Amino acid sequence: MNGLENWLALYFGEKAPQLPPKAKEVIVKIAPWLVLLGILLSLPAILSLLGLGTLGASWMMWAGVTGGSYYLWLILMVAVVVLEVIALPGLFHRTRKGWLFAFYAVLVSAVQNLVMMNIGALIIGLLIGLYFLFQVRSHYHSASTSTD
């Protein structure tokens, strides 16, 4: 995975237009809150998985997920949410581990969009997610050097 991360860092972190330092700092400050919001908005799908279908079914229909693809979509959604939950404490504390789990969540989300043939969301979501992640990557440090 390091090879992929380094390759993406070259294009999204170094060769891409750089955000101003103040913008990067703002992104780092609000990112954990945006991830938390994403987790909360994913709750209807999680509730549906737990058998509380009436709470999540209308949301799933609105999202256009039906039939056999429903279960695959749901499994991938849960994987993204679990990765985001794991990333959350690290994002608040600006640790590399938090950044890595956010990175993994973006990759699993891309797989989810690919499997569902949602090509527009795949391209736009992946490009935007990777751009912002790699623009702020230097703000996340190993747990031993993290500043609270």
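The values are calculated or read from the model by the stated rules, or taken from the named source; none is laboratory data. Since the structure is predicted, the reported quantities are computational estimates derived from the model, not experimental observations. We place every Cβ from the backbone using ideal geometry, glycine too, and count neighbours over all the protein chains shown. These area figures cover heavy atoms from the full protein model, side chains too; ligands, DNA and RNA do not enter into them. Shrake-Rupley method; radii C 1.70, N 1.55, O 1.52, S 1.80 Å.
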### Task
Filter the stretch 16-47 down to the residues that are open to solvent by less than 40 Å² (accessible area, probe 1.4 Å) and farther than 20 Å from residue 98 by Cβ, then identify the one that is modelled with the lowest pLDDT.
45
### Message
Looking at 13, 51 in this structure, which one is farther than 16 Å from residue 129 by Cα and at pLDDT below 90?
### Response
51
### Task
Can you work out which of the residues in the stretch 110-119 that are open to solvent by 40 Å² or more (accessible area, probe 1.4 Å) and assigned to a helix (DSSP H, G or I) is modelled with the lowest pLDDT?
115
### Task
Check the stretch 136-144 and report whether any residue there is open to solvent by 40 Å² or more (accessible area, probe 1.4 Å), in contact with a helix residue (DSSP H, G or I) (Cβ under 7 Å, 6 or more places away or on another chain) and modelled with pLDDT under 80.
yes
### Query
If the Cβ limit is 7 Å and pairs must be 6+ apart or interchain, which residue in the stretch 110-138 that is touching a residue at least 12 places away in the same chain (Cβ under 8 Å) pairs with which residue that is of a type in the set (Phe, Trp, Tyr) and not in a helix (DSSP H, G or I)?
none
